[in-house]
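Note sheet for the following structure.
The values are calculated or read from the model by the stated rules, or taken from the named source; none is laboratory data. The model shown is predicted, which means the values in this text are computed figures rather than measured ones. Note that each Cβ is placed from the backbone with ideal geometry, even for glycine, and that neighbours are counted across all protein chains shown.
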Amino acid sequence: MSTVVGIAQNQHDSCLSVVQDGVPKVHVELERVLRKKRATFSSAQQAVSLLAWTLRHHEIREVDAIAVVRHMVEPENKKMLQLLHAAHPKAELMWFEHLDCHAALAAASGAEESVSIALDGGGDRRVRTGAANGVVETWLNGRPVEGRILTTGELSIDGRAWSVLSHALFRDEHAAGKVMGMAAFGRDEDRARDAIDRMIDRALLWRYDDDGLKTLSNEVEAETFQHGANMAFALQTRFTEAMVEFVGVVTPPGARVVLTGGCALNVVTNSAIALLPEARGGVWVPPCPGDKGISLGAALRGAAALGDRIAPLGSPFLVSRVVSS
């Protein structure tokens, strides 16, 4: 039996996971441990300490591989790898890119063939200027076959647009869920649509710096609640239209569509995708498609690399014993 650990430091929502013999066994989100929203490891040592505690708690004595999600800050990557190697000298150390770990959740979809679309706002250094932050990857029987990062012009929107409008309306770039809810109160308005179209084009050039966020947010600042709701409606409409068109183009006949990354938390868009003729193979959104579940994607990709047959993800409640203790 092989044991693969996935660990993600991230810039928010740190987490770790364990996959044994291709079966997801443990998933721990740091915010559940610290009771702090979007918590991130304060240091590489904290991450390694939580891993040690988790392994002891589940009586896991041997680790065959540790799959690390590549962090945006290179020194933290290197420090974590050094500490992990010292704690588990026999384990094979792997690291994978951010978006590839999102996409790897498709391994647990239970489908013979799936196309995994991972769309996020930030976190992957391979994204080209002017291109959406996304990856498309085909999986066959729990193994990746072909994948690529999106190129300029393939998709005109990603999570950055949601972050900008979220900051403009709520002064919190992580409140995209509120923007989605606000869209239900909006209506089609030329002024709101034009503002959102301009913002979407510029958001693809934004690299998550604070000054850029403030500049973009000021350009779509709401004058009234209704104006803000109309802009939210316009963004939801544009996002759904773009995703429906994109999924229709990239989905092979009969394949299951797997939606991952933070953008997969949009139930309105997901519902529209499920109605596509190209989605006859079904649409699957994992229970943790965003960064809170990215360590599980890393562990699954690591297990697939070792040759394990990945089991479908059954219950999403993998950590009841850890959380309750």
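Any residue at all in the stretch 217-232 that is closer than 23 Å to residue 122 by Cβ and touching a Cys at 6+ places or on another chain (Cβ under 9 Å)? Within the stretch 217-232 (the criterion being closer than 23 Å to residue 122 by Cβ and touching a Cys at 6+ places or on another chain (Cβ under 9 Å)), the answer is no, since none of the residues qualifies. Pairs meeting the criteria (first residue in the stretch 261-289 and within 16 Å of residue 134 (Cβ to Cβ) and surrounded by 14 or more Cβ atoms within 10 Å (Cβ to Cβ), second residue among the acidic types (Asp, Glu) and modelled with pLDDT under 95, beta carbons under 6 Å, at least 6 apart or on different chains) are 261/120; 262/120. When residue 105 is tested against (1) modelled with pLDDT of 95 or more; (2) surrounded by fewer than 24 Cβ atoms within 10 Å (Cβ to Cβ), exactly one condition is not met: (2).
Looking only at the stretch 124-175, residues that are under 23 Å from residue 69 (Cα atoms), of a type in the set (S, T, N, Q) and surrounded by 18 or more Cβ atoms within 10 Å (Cβ to Cβ) come to 3 in all. Has the stretch 45-54 got at least one residue that is surrounded by 16 or more Cβ atoms within 10 Å (Cβ to Cβ), under 30 Å from residue 159 (Cα atoms) and among the small types (Gly, Ala, Ser)? Yes, because at least one residue in the stretch 45-54 is surrounded by 16 or more Cβ atoms within 10 Å (Cβ to Cβ), under 30 Å from residue 159 (Cα atoms) and among the small types (Gly, Ala, Ser). Residues in the stretch 119-135 that are part of a loop (DSSP other than H, G, I, E, B) and within 14 Å of the chain's Cα centre (by Cα): 120, 121, 122, 123, 124, 132, 133.
Among the residues of the stretch 113-145, those that are at pLDDT below 95 and acidic (Asp, Glu) comprise 120, 124.
With respect to the conditions (1) touching a helix residue (DSSP H, G or I) at 6+ places or on another chain (Cβ under 8 Å); (2) in the same structural domain as residue 213 (by TED's automatic domain parsing); (3) within 20 Å of residue 296 (Cβ to Cβ), residue 141 lacks only one, and its number is (1). Every residue in the stretch 108-123 that is at positive phi and surrounded by fewer than 20 Cβ atoms within 10 Å (Cβ to Cβ), please. Within the stretch 108-123, 110 is the sole residue that qualifies. Between 257, 247, the distinction of being more than 26 Å from residue 171 (Cα to Cα) and outside any helix (DSSP H, G or I) belongs to 257 only. Taken across the stretch 57-72, residues that are over 26 Å from residue 1 (Cα atoms), among the aliphatic types (A, V, I, L, M) and in contact (Cβ under 8 Å) with a residue 60 or more places away in the chain do occur, with at least one present. Of everything in the stretch 240-260 that's of a type in the set (Val, Ile, Thr) and touching a residue at least 40 places away in the same chain (Cβ under 8 Å), which residue is surrounded by the most Cβ atoms within 10 Å (Cβ to Cβ)? Looking at the filtered set, the residue picked out is 260. Being buried (at least 24 other Cβ atoms within 10 Å of the Cβ) and over 23 Å from residue 248 (Cβ atoms) is a property that holds for residue 98.
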